[in-house]
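Novice: Quick one: the structure is below, questions incoming.
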Amino acid sequence: MTVPLLPGPTPSRDDAEVASYLGAPPRLLADVEAALLDRREPVTPAQAYALAELDIDAPFADGDGDGTVLDALLALAHRVRVAWTSDEVALESIVSGKTGGCPEDCSFCSQSSAFDSPVKPQPLLTVDEVIVAATDAQEQGASEFCIVYAVRGPDDRLMANILELTAAVHEHTAMSVAVSAGILTPEQATALRDAGVVKYNHNLETARSFFPSIVSTHSWDERWATLDLVREHGMEVCSGGIVGMGESATQRAELALELASFRPSETPLNFLNPRPGTPLAARSPLSPRQALHAIALFRLVLPWTLLRLAGGREIALRDLQGAGILGGVNGLIIGNYLTTLGRSPQDDVRMLADLDVPIRALQDVL
Ligand code: SF4
């Protein structure tokens with residue numbers, strides 16, 4: 001019998017050690033660099049908390065001249081990304097298999113039926129629709145296609161739709177298929193794996209300590225249990241979160257450390273895009289520099305992961321998308337998100353060409 005991986009305790013914050021690092025940012029960055037690049041070890045919890053709590057606008061002088069702490073963080077995050085992954089960026093397209101009408105009450109989500117949001121329930125995606133979306137995505141350079149359902153978890157009808165659409169994408173494209181459909185049973189995980197679903201997305205969303213402020217209809221531990229099931233069934237774990245919901249810098253580090261303890265192969269990083277009608281509608285998005293800080297933090301705490309910029313990146317990063325790519329990111333969701341418009345895939349492909357960053361070729365994922 002496989003013993004489920006229970007959520008470990010959130011790494012505690014050693015206040016004295018964190019304070020000592022915050023008083024000496026050059027020492028913090030030197031220690032982080034030595035761990036990640038010289039010894040190829042993950043950062044310590046104290047280093048992660050200090051990285052999250054740094055004053056990014058403070059001056060920082062190094063051998064390349066004067067800049068800010070943020071400049072130094074991004075440069076280190078880029079070196080770590082290249083050393084632990086590669087210089088390539090992987091593109092993924094997502095499509096909504098079921099939009100709106102979700103019974104859960106995630107405060108950031110316009111697809112929840114708990115809020116009076118303009119997003120109304122739509123019929124399930126059809127095979128013809130998924131073939132058009134998937135072939136378009138492949139032509140635009142995507143190597144992975146993710147079908148996302150706004151549900152607590154799939155019922156029999158939804159499972160039939162997932163399996164039908166997965167088969168259609170396999171038949172008509174060479175992309176790998178990922179699915180996101182909420183909380184799974186063991187039987188459903190088996191069926192997805194047997195259908196050739198390579199990766200399952202289920203975001204932890206936010207730190208365990210902040211989760212009850214954001215969601216009341218299910219728990220963080222239930223999310224963790226589904227990640228455990230996905231891993232146990234041999235699918236890759238894709239799990240990340242959303243930043244800018246009112247969590248503290250410390251809680252941002254908590255989320256990164258909690259994710260790191262599970263070692264997801266992919267980590268989508270979403271930025272709050274306040275949606276009308278949701279409880280977070282009036283919250284201001286992160287500034288571009290705060291968003292870049294979060295990117296560098298997640299890269300340094302999760303050095304092996306495919307760190308993918310996801311929803312809200314246009315709102316939070318604005319014109320600094322390229323700085324994110326050179327600050328630790330190695331994946332992009334291209335095209336539109338589930339309920340919001342993204343920028344055009346052509347703009348992203350041109351940006352990567354301008355930055356001289358190669359796109360991961362389709363054959364590399366087969
Ligand atoms: S985030 Fe997912 S589970 Fe939560 S309300 Fe939205 S669709 Fe439902």
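Every number here is computed from the coordinates shown, using simple stated rules; none is lab data. None of the values given here were measured: they were computed from a predicted structure. As a convention, Cβ positions derive from the backbone with ideal geometry for all residues, glycine included, and neighbour counts pool all protein chains shown.
Novice: Could you tally the net charge around Leu227, taking each other residue with its Cβ under 15 Å from the Cβ of Leu227, Lys/Arg +1 and Asp/Glu -1?
Specialist: In short, -2.
Novice: So, one more: Would you tally the net charge around Glu266, using a Cβ to Cβ cut-off of less than 12 Å, leaving Glu266 out, and scoring K and R as +1, D and E as -1?
Specialist: For residues surrounding Glu266, the net value is 0.
Novice: Moving on. Can you work out the PRE-style zone for Asp156? Point 7 Å along Cα to Cβ, and I want the residues of segment 114-140 with backbone N under 17 Å.
Specialist: Once the point is set 7 Å along Cα→Cβ of Asp156, nothing inside segment 114-140 turns out to lie under 17 Å by backbone N.
Novice: Would you please put 284-291, 68-75, 100-107 in order of how densely packed they are, using the mean number of other Cβ atoms within 10 angstrom per residue and starting with the highest?
Specialist: Top of the packing list down: 68-75, 100-107, 284-291.
Novice: Right, something else. For Thr250 and Arg39, compute 0.36 nm times the residue count separating them, minus their Cα-Cα distance, and round to one decimal in nm.
Specialist: The span from Thr250 to Arg39 would gain 73.4 nm if fully extended.
Novice: Right, next: Relative contact order, percent, of segment 217-366 when contacts are C-alpha pairs under 8 Å separated by at least 6 residues?
Specialist: Relative CO of segment 217-366 lands at 18 percent.
Novice: Under 8 Å for C-alpha pairs, at least 6 residues apart: give me the relative contact order for the chain, rounded to a whole percent.
Specialist: After rounding, I find 22 percent.
Novice: Let me ask another. Quick one: what are the phi-derived ³J(HN,Hα) couplings along segment 307-319, Karplus 6.51/-1.76/1.60 with θ = phi - 60°, whole Hz, x for glycine and proline?
Specialist: For segment 307-319, the Karplus curve yields 8, 10, 5, 10, x, x, 5, 5, 6, 7, 8, 6, 7 Hz.
Novice: Got a sec? Charge dipole of the chain, +1 on Cβ for Lys and Arg, -1 for Asp and Glu; which of Gly97, Gln346, Ala72 is way out at the positive end?
Specialist: Highest projection toward the positive end goes to Gly97.
Novice: How many nm is it between the label spots at Arg27 and Ser287, if each spot is 7 Å from the Cα in line with the beta carbon?
Specialist: Taking the simple label geometry, Arg27 and Ser287 are separated by 2.8 nm.
Novice: Compute, for segment 90-365, the length of the dipole vector about the Cα centre, with Cβ point charges of +1 (Lys, Arg) and -1 (Asp, Glu) only. Units Debye, rounded to 20.
Specialist: About 760 debye.
Novice: Give me the percent of DSSP beta bridges within the chain that run antiparallel, rounded to the nearest 5.
Specialist: 10 percent
Novice: Here's something else I'd like to know. Suppose the chain between Arg343 and Ser261 were pulled fully straight at 0.36 nm per residue; how much longer would it get relative to their current alpha carbon spacing?
Specialist: 26.2 nm
Novice: For every other residue with a beta carbon closer than 14 angstrom to the beta carbon of Gly196, add +1 if it is Lys or Arg and -1 if Asp or Glu, then tell me the sum.
Specialist: Net local charge, Gly196 excluded: -3.
Novice: Let me ask another. Can you pull a Stokes-Einstein diffusion coefficient for the chain at 37 °C (0.692 mPa s), Rh from Kirkwood over Cα pairs, as a whole number of µm²/s?
Specialist: Taking Rh from Cα pairs, D becomes 158 µm²/s.
Novice: Restricting to DSSP H runs of at least four residues, report the calculated mean residue ellipticity at 222 nm for the chain, -39500 (n - 2.57) per run over all residues, nearest 500 deg cm²/dmol.
Specialist: The per-residue figure over the chain is -11500 deg cm²/dmol.
Novice: Each label point is 7 Å from the Cα along the Cα-to-Cβ direction; what then is the distance between the points at Ala19 and Asp136, in nm?
Specialist: So the two model labels end up 5.6 nm from each other.
Novice: In nm, what is the difference between 0.36 nm times the number of residues separating Thr126 and Asp57 and their Cα-Cα distance?
Specialist: Fully extending the segment from Thr126 to Asp57 adds 19.9 nm.
Novice: Lone cysteines in the chain, going by a 4.7 Å Cβ-Cβ cut-off?
Specialist: Cys with no partner Cβ under 4.7 Å: Cys102, Cys146, Cys238.
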